[in-house]
Amino acid sequence: MQTFGSKLRDYYTLTKPEVNLLILMTTSAGYYLGSRGPLRIFGLINTLVGTLLVASGTATLNQWMERIYDGQMRRTATRPLPSGRMSGREAFRFGILLSVVGGVYLAATVNLLASLLAISTLLSYLLIYTPLKRRTPLCTLLGAIPGAMPTLI
């Protein structure tokens, strides 16, 4: 039986925090470069919070999609889903929740364009890049699109 702390750690792991740190850095740089006049700190914070939520949801849904393949690789076999510490249903719901809340948060606190860019990033990553990873090296070229989108948010 998992403890509450280990369950929280598994949810945290699903969000891929190391990757999200890089996403927030590029989002911050894009926000700064796109600012006109003095930096609006609350605008930046809202942008980062919404982007973090959508990016965390994307990472979670990506691990949900890849759980069978992750179980076959030594590097990823100990992740929460392939190891059996978390069910696919739990991860799917968590990923959807983070993604929807993040998209709505961006629309409500930043603007609709930021929300649409974030959701477009999620969709292109999950529906184009992820399925193509096992089929063609061109996935890297197509993966550059969702990789560059946080700068635009």
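Numbers below:
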| quantity | calculated |
| --- | --- |
| Residue within segment 135-147 that is at pLDDT 85 or above and either touching a Gly at 6+ places or on another chain (Cβ under 7 Å) or under 18 Å from residue 25 (Cα atoms) (or both) present | no |
| Residue within segment 25-44 that is within 14 Å of the chain's Cα centre (by Cα) and either touching a residue at least 40 places away in the same chain (Cβ under 8 Å) or over 24 Å from residue 147 (Cα atoms) (or both) present | yes |
| Hits in segment 105-153 (condition: closer than 19 Å to residue 63 by Cβ and of a type in the set (D, E, K, R)) | 133, 134 |
| Residue 28 open to solvent by 30 Å² or more (accessible area, probe 1.4 Å), closer than 23 Å to residue 124 by Cα and in contact with a helix residue (DSSP H, G or I) (Cβ under 8 Å, 6 or more places away or on another chain) | yes |
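The values are calculated or read from the model by the stated rules, or taken from the named source; none is laboratory data. Keep in mind that what you see is a predicted model, and the values were worked out from it rather than measured. Methodologically, a virtual Cβ is constructed for each residue, glycine included, from the backbone with ideal geometry; neighbour enumeration extends over all protein chains shown. Areas reflect the complete protein model, heavy atoms only, side chains present, ligands, DNA and RNA absent. Shrake-Rupley method; radii C 1.70, N 1.55, O 1.52, S 1.80 Å.
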